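Every number here is computed from the coordinates shown, using simple stated rules; none is lab data. The shown structure was predicted, so the numbers you read here are calculated from the model rather than taken from an experiment. Positions of Cβ are generated from backbone atoms using ideal geometry, with glycine treated the same way; all protein chains shown enter the neighbour counts.
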Amino acid sequence: MSKPIETRIEIAAPPSAVWTELADHAAYAVWNPFITRISGDLAVGERLAVIVQPQGKAAMEFAPEILIADADEELRWVGQLGMKGVFDGEHYFVLEETARGTTVFHHGERFSGLLTYLLFPLIGESTENGFHAMNLALKTRVEARS
């Protein structure tokens, strides 16, 4: 049982410029309307402290574990509600370089676990809207600095 949310946006800058902003967690509160805070080291196996602010909903704090942290390419983490297998979310950012030197920014999450079909309807739409808002804010910030 899994439910995906998949979004993407093209950014007129190379992946290195996108990664620079994505990895600058201290600035998230300035530009990111969805993930308002991240702290922790971007290294596989490390735990982050993440606060998300879905529009019209209460802020939520998570402590996901980093699965992939490849500079200029991909950041992926997994978090759980309670214990593993109850309601898990594997969140990803993938930076795909195009032939024109731009970046297709893939941003998504795959939810799974016993409570997926109960909880996903409560958070799915606001989460997807948050992803789109973050994508647009990231595009605006990166392109203004490139």
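The HN-Hα couplings worked out from phi for the range 40-55 by the Karplus form 6.51 cos²θ - 1.76 cosθ + 1.60 (θ = phi - 60°) are x, 8, 7, 9, 4, x, 6, 9, 9, 10, 10, 10, 10, 10, x, 4 Hz, whole numbers, x standing for Gly and Pro. Note on the chain: with charges restricted to the Cβ of Lys and Arg (+1) and Asp and Glu (-1), its dipole about the Cα centre is near 400 debye. A cut-off of 5 Å between modelled amide H atoms, ignoring neighbours fewer than 5 places along the same chain, links Gly113 with Asp88.
Here the 3J(HN,Hα) profile of the range 72-84, calculated from phi with Karplus coefficients 6.51, -1.76 and 1.60 at θ = phi - 60°, is 6, 10, 7, 10, 9, 9, 10, x, 10, 9, x, 9, 4 Hz, Gly and Pro shown as x.
Phi-derived couplings, Karplus 6.51 cos²θ - 1.76 cosθ + 1.60 at θ = phi - 60°, listed residue by residue for the range 124-133: x, 5, 5, 5, 4, 4, x, 4, 4, 5 Hz, with x used for Gly and Pro. Farthest towards the positive end of the charge dipole of the range 1-113, among the residues Ser39, Gly82, Ala26, is the Cα of Gly82, using unit charges on the Cβ of Lys, Arg, Asp and Glu.
Students often get this wrong, so try it: which of [x] 1.01; [y] 1.06; [z] 1.19 is Cα Rg over 2.2 N^0.38 Å as calculated from the structure shown? Given [x] 1.01; [y] 1.06; [z] 1.19, the structure-derived one carries the label [x]. Each of Lys57, Lys3, Lys139, Lys84 has some number of other Cβ atoms within 10 Å of its Cβ, and from fewest to most they run Lys84, Lys57, Lys3, Lys139.
Put a plus charge on the Cβ of each Lys and Arg, a minus charge on the Cβ of each Asp and Glu, and nothing anywhere else: the dipole of the range 2-56 about its Cα centre is then about 220 debye.
Only DSSP H runs of four or more residues enter the estimate; each adds -39500 (n - 2.57), and after division by the residues of the chain the mean residue ellipticity at 222 nm equals -9500 deg cm²/dmol. The H on the amide N of Glu74, modeled in the peptide plane, is under 5 Å from the matching H of Leu95, each at least 5 residues off or on a different chain.
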